[in-house]
1. Go through the residues of region 126-137 one by one and say whether even a single one is over 30 Å from I52 (Cβ atoms), of a type outside the set (F, W, Y), open to solvent by less than 60 Å² (accessible area, probe 1.4 Å) and not in a helix (DSSP H, G or I).
2. L40: closer than 19 Å to I151 by Cα and open to solvent by 10 Å² or more (accessible area, probe 1.4 Å), yes or no?
3. Here is a list: I76, I90, I94. Which entry is loosely packed, with under 14 Cβ neighbours inside 10 Å and either under 22 Å from the mean Cα position of the chain (by Cα) or more than 15 Å from R171 (Cα to Cα) (or both)?
4. Please name all residue pairs, on different chains or six or more residues apart, with Cβ atoms under 7 Å, provided the first residue is in region 102-116 and is exposed (fewer than 13 other Cβ atoms within 10 Å of the Cβ) and the second residue is of a type outside the set (K, R) and not in a helix (DSSP H, G or I).
5. Within region 92-99, identify whether any single residue is part of a helix (DSSP H, G or I), within 20 Å of D29 (Cα to Cα) and in contact with a Ser or Thr (Cβ under 6 Å, 6 or more places away or on another chain), and answer yes or no.
6. Assess whether K65 counts as being over 19 Å from I15 (Cα atoms), open to solvent by 70 Å² or more (accessible area, probe 1.4 Å) and assigned to a loop (DSSP other than H, G, I, E, B).
Amino acid sequence: MKKIVIINGLIAGLIISGIMVITHPLVDDGTIDIDNGMYLGYTSMVLGFAMIFVAIKTYRDQVLKGMITFLQACKIGLLVTLVASLLYAITWDIYYRVAGSDFGEKYAAHYLDKMEEEGASPEEINSMRTQMEDFNRLYKNTFIRFGMTLIEILPVGIIITLISAAILRRREVLPATP
């Protein structure tokens, strides 16, 4: 089980992290809009977490001889999610330190401009500016940033785990009694 979890978790994490590292500079230079970048990020998570399905099916077919309970499948999926999520959070933290430390300020500016375009009052914009400045101060803390990054990705992995476990579960069928 360990080998299946680690291999599939690393592949999932590399897919998600790789897409993030490739697309983030495109968001920075304006090639991809910040809002579209968010959709692209979650799409990459769904693509990467397809490895959860692969891991559960591999474990079911190769180790358990075709049978797996929902809970066993969830265990495999959650472990793959954990490995991939940790890799993603580590990658983001390295990227943030090397090239993305102004992400919070750029995001705040984008969001405040959007509020202004949508007709928000100056009071609403100033209130949001204060909230975002407070958030950006917190986000500079490595532990808070790492935790928030995990919170961003874990729910996607959990949902895909539950779906995959439901699809792939297969209990042993008892023979019919005469």
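1. Taking region 126-137 as the starting set, the residues that turn out to be over 30 Å from I52 (Cβ atoms) are 126-137.
Narrowing the set further to residues that are of a type outside the set (F, W, Y) leaves 126-134, 136-137.
The next check asks that each one be open to solvent by less than 60 Å² (accessible area, probe 1.4 Å); those that pass are 127-128, 132, 136.
Imposing the further condition that a residue be not in a helix (DSSP H, G or I) reduces the set to none.
Checked region 126-137: no residue is over 30 Å from I52 (Cβ atoms), of a type outside the set (F, W, Y), open to solvent by less than 60 Å² (accessible area, probe 1.4 Å) and not in a helix (DSSP H, G or I).
2. So L40 fits the description; yes.
3. On the way: I76 fails: loosely packed, with under 14 Cβ neighbours inside 10 Å; I90 fails: loosely packed, with under 14 Cβ neighbours inside 10 Å.
Only one candidate passes the filter, namely I94.
4. none
5. There is at least one residue in region 92-99 that is part of a helix (DSSP H, G or I), within 20 Å of D29 (Cα to Cα) and in contact with a Ser or Thr (Cβ under 6 Å, 6 or more places away or on another chain).
6. Numbers: over 19 Å from I15 (Cα atoms): yes; open to solvent by 70 Å² or more (accessible area, probe 1.4 Å): yes; assigned to a loop (DSSP other than H, G, I, E, B): yes.
When the stated conditions are applied, K65 passes them.
The values are calculated or read from the model by the stated rules, or taken from the named source; none is laboratory data. Small disclaimer: the values here were computed from a predicted structure and weren't measured. Here the Cβ is made from the backbone with ideal geometry for all residues, glycine too, and neighbour counts use every protein chain on show. In case anyone asks, the SASA skips ligands and DNA or RNA and just uses the protein heavy atoms, side chains included. Shrake-Rupley method; radii C 1.70, N 1.55, O 1.52, S 1.80 Å.
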